[in-house]
Amino acid sequence: MEQKWPQEIWLVRHGQSAGNVARDAAEAAAGLHIQIAERDVDVPLSALGVRQSEALAMWFAALPAARQPNVVLHSPYVRARQTALAVLERLDRSELLAVQVDERLREKEFGILDRLTTHGIKHKYPELYEQRQHVGKFYFRPPGGESWCDVILRLRSVLDTLTREYCRERVLIVAHQVIVNCFRYLIERLDEAAILEADRAGDVPNCSVTAYRFDPALGKRGKLALQLLNFVAPLEQAGAPVTVGKDVPTAAKA
């Protein structure tokens, strides 16, 4: 039987960014706009995001050498690049097969709704707000932006790249919340209801790891089995480790 998938895939959301902090502040204050000066692509990690990325890097470095990533793909956005570079600094560069920036892993594009809070969308574009409520985020495409389906379409080509170029390799992907969710939709063969239910359950934590390992015993040709879901490496805060997410029993299959 010929294996088509990478041996392992890790999906990682970038560390907390200055944009995440500004968004949370704007939402908490019922503001209309998210106050960030940079383009979304240029928004860096926050101080906490840097610490989260370092904890993530140490977690990967603690894996046995034969289990560490040897392919690293990341979004071109600064916050994702910074997170990926933190991990790369802890890996043996001589063992890396590829390190690649891939624009297909970029954040979902929000179009004219960029930098608006939910309250801001409702205030400035009430018709679009109502349409979004009616259609749902999976299919709603803001003017100049993308729906989740649009993101999924570009990620299908990323999966084609993984099977074509990185079969049997160990691939780390560092990107964004919607990217992680949409990859889950594809890899786990979910439907709209299932992935939106997971989205409603809570944000994908910053620097969390969702991991898959190839299992040749699944199906007729083997499949990727879910190993970790939204796992966050311990972050030391005042002497107490903080973790979010959970391990997935090996019996849970993708």
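Considering only the other residues whose Cβ falls under 12 Å of the Cβ of residue 139, what net charge follows from Lys and Arg at +1 and Asp and Glu at -1? Taking every other residue near residue 139 into account, the sum is 0. Using only alpha carbons, the chain has a radius of gyration to Kirkwood radius ratio (Rg to Rh) of 0.97.
Residue ranges 133-141, 93-101, 166-174, 14-22 sort as 14-22, 166-174, 133-141, 93-101 when ordered by packing (mean number of other C-beta atoms within 10 Å per residue, highest first).
Look at the dipole of the chain built from charges on Cβ: of 206, 224, 177, the Cα furthest out on the positive end belongs to 224.
The heavy atoms of residue 109 offer some 70 square angstrom of accessible surface to a 1.4 angstrom probe.
A straight line joining the Cα centroids of the stretch 155-208 and the stretch 78-127 runs 14 Å.
Using the heavy atoms of the protein chains alone and a 1.4 angstrom probe, what is the accessible area of the stretch 95-244 per residue in square angstrom? Don't jump to the answer; show the numbers that get you there.
Numbers: 7530 Å² over 150 residues.
Dividing the accessible area of the stretch 95-244 by its residue count gives 50 Å².
Tally Lys/Arg at +1 and Asp/Glu at -1 over every other residue whose Cβ is under 9 Å from the Cβ of residue 3; what's the total?
That works out to +2.
Non-local lysine pairs in the chain, meaning eight or more places apart or on different chains, with alpha-carbon distances under 30 Å, amount to 20. Spin-label model, residue 32 to residue 124: label points 7 Å out along the Cα-to-beta-carbon direction sit 0.8 nm apart. Based on the alpha-carbon gyration tensor of the stretch 91-221 and its eigenvalue square roots a ≥ b ≥ c, which shape applies: rounded if a/c is under 1.5, prolate if not and a/b is larger than b/c, or oblate? In terms of gyration-tensor shape, prolate.
Taking the 1.4 Å solvent-accessible surface of the chain as the whole, the part contributed by carbon and sulfur is 51%.
The values are calculated or read from the model by the stated rules, or taken from the named source; none is laboratory data. All figures in this text were calculated on a predicted structure; none of them were measured in a lab. As a convention, Cβ positions derive from the backbone with ideal geometry for all residues, glycine included, and neighbour counts pool all protein chains shown. Note: areas computed on protein heavy atoms with side chains; ligands, DNA, RNA excluded. Shrake-Rupley method; radii C 1.70, N 1.55, O 1.52, S 1.80 Å.
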